[in-house]
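Working notes, beginning with the structure itself.
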Amino acid sequence: MPPKEDEYLPVDIKATWQALEKCVEEGLIHAIGVSNFTVEKLTSLLDHAKIVPSVNQVERHPVWQQKKLKPFCDAKGIHVSGWSPIGAPGAIYGTQIVVSNPVIQSIADKHCKTAAQVALRWGVQTGASVLPKSFNSKRIAENFDIFSWELSDDDITQLSKIEQHRAFPVKEFCSPKGPYKNIEELWDGDI
């Protein structure tokens, strides 16, 4: 990372989607989805899709709640799955932005849970699936310990007031030679 200039390829989302739909029709795959699609990119896809994506896998956590995208997907029957729901704090590319947030930490203290557990519980409780990653057996166990308790309405309200910004703008995928020339193009201004 980042990709070399000659590694960028043209993107034809319509043709790609039609090929995936053909795979479904032929019984080769059961369901098809997308990743990192904005409302604008989904709207464009839905204009020609015969099959609605089953899932949109996106960055989603209490610090980037996808307040525009999540309701849009819900209305279209597209499940939202959140990658890096705790910000990947232990990864070389990761950030502490989620687990160090004072609102999240305060709620964690109130429930005798970790900030990561609060972030994961929030994701599940707001109707998404979450995709945490860990190699640490203690944290893996903690990540599963989110189903025996709930966030209160007040907790959800407090979390909804967190200032929103992406933890991973992935500007590395923008290039004058690529399909997305800048970060605004990549995310359709939703940054």
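The values are calculated or read from the model by the stated rules, or taken from the named source; none is laboratory data. Small disclaimer: the values here were computed from a predicted structure and weren't measured. Methodologically, a virtual Cβ is constructed for each residue, glycine included, from the backbone with ideal geometry; neighbour enumeration extends over all protein chains shown. Ligands, DNA and RNA are stripped out before the accessible areas are found, and what is left, the full protein with its side chains, is counted by its heavy atoms. Shrake-Rupley method; radii C 1.70, N 1.55, O 1.52, S 1.80 Å.
Tabulated data for the structure shown
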| read-out | value |
| --- | --- |
| Residue identified as under 19 Å from the mean Cα position of the chain (by Cα) and among the charged types (D, E, K, R) among Glu150, Glu185, Glu142 | Glu185 |
| Tally of residues being among the small types (Gly, Ala, Ser) and closer than 18 Å to Phe168 by Cβ across the range 68-114 | 9 |
| Matching residues in the range 40-69 - criterion: being of a type in the set (Phe, Trp, Tyr) and either free of Cβ contacts under 8 Å to residues at least 60 places away in the same chain or more than 29 Å from Val103 (Cα to Cα) (or both) | none |
| Selected residue (only one of Phe168, Phe135 is more than 23 Å from Phe72 (Cβ to Cβ) and either surrounded by fewer than 12 Cβ atoms within 10 Å (Cβ to Cβ) or in contact (Cβ under 8 Å) with a residue 40 or more places away in the chain (or both)) | Phe135 |
| Hits in the range 88-109 (condition: hydrophobic (A, V, I, L, M, F, W, C) and open to solvent by less than 50 Å² (accessible area, probe 1.4 Å)) | Ala88, Ala91, Ile97, Val98, Val99, Val103, Ile104, Ile107, Ala108 |
| Positions within the range 41-95 being farther than 15 Å from Ala128 by Cβ and of a type in the set (A, V, I, L, M, F, W, C), in sequence order | Leu42, Leu45, Leu46, Ala49, Ile51, Val52, Ala88, Ala91, Ile92 |
| Sole residue being modelled with pLDDT of 95 or more and either open to solvent by less than 20 Å² (accessible area, probe 1.4 Å) or in contact with a strand residue (DSSP E or B) (Cβ under 7 Å, 6 or more places away or on another chain) (or both), chosen from Thr38, Thr16, Thr43 | Thr38 |
| When residues of the range 54-64 are limited to those that are assigned to a loop (DSSP other than H, G, I, E, B) and in contact with a helix residue (DSSP H, G or I) (Cβ under 7 Å, 6 or more places away or on another chain), the one farthest from Gly33 (Cα to Cα) | Pro62 |
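The rows are residues; the columns are (1) surrounded by fewer than 15 Cβ atoms within 10 Å (Cβ to Cβ); (2) among the β-branched types (Val, Ile, Thr); (3) under 30 Å from Pro10 (Cα atoms).
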{"residue": "Lys113", "(1), (2), (3)": "no, no, no"}
{"residue": "Gly123", "(1), (2), (3)": "no, no, no"}
{"residue": "Thr126", "(1), (2), (3)": "no, yes, no"}
{"residue": "Ser160", "(1), (2), (3)": "yes, no, no"}
{"residue": "Asn182", "(1), (2), (3)": "yes, no, yes"}
{"residue": "Glu185", "(1), (2), (3)": "yes, no, yes"}
